[in-house]
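Take a look at the structure below.
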C-alpha cells in the first residue's frame, strides 16, 4: 500500500490511497517535494515488481535527477522509468518555428505506456506543474485545460503525483484553481518548532481516504524521507 512506503507515513494515513487519484504535492523550495514523490514511488514499486511507474521531470535531466536522489540513498526501482523533456526543449530553442505542445506530448507519453504496459502502469509523477506552465505559449483557460488533463490521468486509472511550488507564506503558484480540481493535496513545508527549523508534511485534502490533518515532522537521511510524528507547539 502507498501508506506503507515511506517509514512513518502510516501515522498520517489511516486508509490507503486508491486509484484513480490526482494529488498535488506542494511546498516551498527545500521542502523535499521531489524527494518525497520519488521515495514514495520507488519504495512502492520495489514492493510491487509487477507494476510500472513513470516519473517525468521537466526541470532536470535524468542523469542529474538520479544523481540527486542517489545522494539521499534512494535508488531507482527497475520497474520505474524516469523521463525528461530536455532534448525536446533544446530542439525547440535551436530550430525555432512552431514549438512543441508539451501538454499534448505528456499525454501521448502516458497513452504510449498505457498501451505498452497496460494495467501494470499504475503510478505517475509530474515534476513540476510550474515548469510545465513555463513551457506553454498559451496559458489562457488553464482551469479548463487542467480539468481535462487531470481527467485523462484518472481515465487511465493512475495514482498521479503532481508537484507544484508554494511560497513560505503558503501562497500557491496556480493559474487555474488546480486545488479545486485534484483529489488530494499534500503540503510539504518548513516551520520553526522549539527553536529549530523543521520540515513537515500535512495532508490538506484527500478524497475517499481517512487521514490526519496535523503537521508531521519529516527527517531526511540515508534511504530518503521518514515521517517522525506530529509537531506540537
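Each reported figure results from applying straightforward, stated rules to the coordinates on display, with no laboratory input. In this text, all values refer to a predicted model and were calculated from it rather than measured experimentally. Heads up, the Cβs are rebuilt from the backbone with ideal geometry, glycines too, and the neighbour counts pull from every protein chain shown.
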Descending semi-axes in whole angstrom, ellipsoid equivalent of the chain, from the Cα gyration tensor: 27, 20, 18
Sequence of 71, 160 once ranked by neighbouring C-beta atoms within 10 Å, starting from the fewest: 71, 160
Value of D in µm² per second that Stokes-Einstein yields for the stretch 1-40, Kirkwood Rh from Cα pairs, at 20 °C (1.002 mPa s): 189
DSSP beta bridge pairing in the chain, given as percent antiparallel to the nearest 5: 45
message: As I understand it, the value is the acute angle between the Cα axis of helix 62-71 and the longest principal axis of the Cα atoms of the chain; what does it come to in degrees, rounded to 10?
response: 10
query: Which of 156, 202, 210 moves most in a GNM of the chain, Cα contacts under 10 Å?
result: 210
field: Most mobile of 116, 39, 86 in a GNM of the chain (Cα contacts under 10 Å)
entry: 116
- request: Could you check which residue among 70, 137, 204 shows the biggest mean-square fluctuation in a GNM of the chain with a 10 Å Cα cutoff?
  value: 137
query: When 78, 40 are ordered from fewest to most other Cβ atoms inside 10 Å of their Cβ, what list results?
result: 78, 40
message: What is the angle, in °, between the Cα long axis of helix 142-155 and the longest principal axis of the Cα atoms in the chain? Nearest 10 is fine, range 0 to 90.
response: 80
field: Degrees, to the nearest 10: 102-117 long Cα axis against longest axis of the chain
entry: 80
